[in-house]
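Here the structure comes first, spelled out in structure tokens, and everything after it is commentary.
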Amino acid sequence: MSRVFSGIQPTSNLTLGNYLGAIKNWVGLKEGHESSLYCVVDLHALTVPQDPEKLRKQTRETAAAYFACGIDYTNSIVFHQSAVAGHSELSWLLGCLTPLGWLNRMTQFKDKAGKKKDQASLGLYGYPTLMAADILLYKATHVPVGDDQKQHVELARDIAGAFNARYEKEFFPLPEPQILGDATRVMSLRDGTNKMSKSDPSDYSRINLTDEDDVIALKIKKAKTDPESLPSELSGFEGRPEAKNLMTIYAALEGKELSQICTEFGGKPFSEFKPVLSDRIIESLSPVREKMKEFMKDQVELDNILKTGAEKAADIAMKNMHDVRDIMGLLQV
């Protein structure tokens with residue numbers, strides 16, 4: 001069986017980076033696969049302190065963004081992670097098979113914990129095991145992710161292989177990371193060497209999916225650039241991360257190769273390119289923003305959609321967890 005699984009944390013506003021690097025690429029992925037599951041991974045959000053009411057709101061808002069961007073909940077399974085208990089249970093079971101050495105190699109923990117790793121939570125350290133459980137709980141075969149998450153999918157493959165070897169059964173498939181689209185890593189508008197992040201202190205570093213049109217235009221106007229004209233070939237991006245980032249965003253929205261955008265705008269100043277880029281972003285995101293507002297107006301219906309999705313996900317998870325418990329020797333009476 002070919003099955004897709006992916007998810008995004010419900011922390012702060014989703015950004016243009018989430019749209020181009022993930023959600024936009026999920027739309028239509030069901031073609032060629034027997035099923036697809038898209039999860040709002042609220043358990044992962046707990047690796048840092050959260051305001052409970054804000055987390056609930058952001059969980060709904062993330063789901064609304066999925067639907068507004070074109071994820072069809074009648075053909076895909078959309079749910080929030082904490083509604084399916086198998087995620088937590090399988091995370092523990094797989095954690096008992098995961099060597100500390102594998103987790104110590106995870107770069108994201110090092111990046112997030114920094115010099116305060118002794119104060120970091122066990123949840124942050126074990127985050128990759130929970131992500132492996134998210135994927136393997138449904139026996140997903142394909143995981144669309146940004147390139148910064150590829151290492152975690154590779155760990156999920158290692159853990160699946162370790163389980164299969166320990167119990168001498170080919171139970172879990174080895175999931176394949178899918179790096180889709182040209183804008184797999186949209187960068188900050190204030191620093192082209194850093195990823196566009198929901199947690200960046202500066203709101204001017206990102207385009208939020210909920211930003212109004214005038215705000216988008218202002219952020220692009222203020223986006224960091226350099227004094228040179230836009231390059232007319234790819235080699236001209238060397239040492240110019242901001243130029244590459246802005247032109248990559250435009251290329252992704254247009255569905256064109258970056259080299260084509262260089263041909264189109266090469267030699268022109270940023271003052272000519274930025275208004276065109278602003279208009280293209282607004283054209284893409286305005287409908288998304290308005291649809292999100294519509295979904296958020298009827299939270300009862302939104303919750304019902306998530307509940308239905310969770311029930312469908314739980315049906316798959318319960319069968320697989322029954323088999324996992326049996327394989328591992330846990331008594332089921």
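Bear in mind that the values in this text are calculations on the coordinates, not laboratory data. Because the structure is predicted, anything quoted here is derived from the model rather than measured. With ideal geometry, Cβ positions are generated from the backbone for all residues, glycine too; neighbour counts draw on all protein chains shown.
Before moving on, here are some points about what is shown:
- DSSP beta bridges confined to the chain are antiparallel in about 10 percent of cases.
- A dipole drawn for region 203-294 from +1 and -1 charges on Cβ atoms has a positive end, and of S278, I220, A251 the residue lying farthest that way is I220.
- A cut-off of 5 Å between modelled amide H atoms, ignoring neighbours fewer than 5 places along the same chain, links L14 with L209.
- Taking each of K112/K319; K24/K244; K219/K291 in turn, the alpha-carbon distance tops 28 angstrom for K112/K319.
- Those residues of region 293-333 whose amide nitrogen sits under 14 Å from the label point placed on K169, 7 Å along Cα→Cβ: 319-332
- Most tightly packed first, judged by the mean number of other beta-carbon atoms within 10 Å of their residues, the peptides 219-225, 287-293, 105-111 read 219-225, 287-293, 105-111.
- Computed over the chain with a Gaussian network model linking Cα atoms closer than 10 Å, the most mobile of L130, L234, L90 is L234.
- Within region 1-56, the GluC sites (Glu not before Pro) that combine a DSSP coil assignment with at most 10 other C-beta atoms in a 10 angstrom radius are E31, E34.
- Helix 241-254 vs. the chain, principal-axis angle (Cα, 0 to 90°, nearest 10): 80
- Candidates S271, S259, S12, ranked by Gaussian network fluctuation over the chain, Cα under 10 Å, top entry: S271
- Modelled spin-label separation between V48 and K150, with each label point placed 7 Å from Cα along the Cα-to-Cβ direction: 2.4 nm.
- Entry for Kirkwood radius over Cα pairs in Å (calculated from the structure that is shown) out of [x] 21.6; [y] 21.1; [z] 20.1: [y]
- For the chain, the Cβ-based charge dipole about the Cα centre amounts to some 740 debye (Lys, Arg positive; Asp, Glu negative; other atoms uncharged).
- Max mean-square fluctuation residue, GNM over the chain, Cα-Cα springs under 10 Å, options Q151, Q58, Q119: Q119
- Pairwise label distance in nanometres, R240 with D326, each label 7 Å out on the Cα-Cβ vector: 6.2
- With a Förster radius of 22 Å applied to the beta-carbon distance between V300 and S197, the computed FRET efficiency rounds to 0.10.
- Helix 86-95 axis, angle to the chain major axis (alpha carbon atoms, nearest 10°): 80
- Close amide H partners of S188, meaning residues 5 or more places away or on another chain with modelled amide H under 5 Å apart, are N194, K195, M196.
- When +1 charges are put on Lys and Arg Cβ atoms and -1 charges on Asp and Glu Cβ atoms, the dipole computed for region 203-294 relative to its Cα centre reaches about 180 debye.
- Degrees, to the nearest 10: 213-222 long Cα axis against longest axis of the chain: 70
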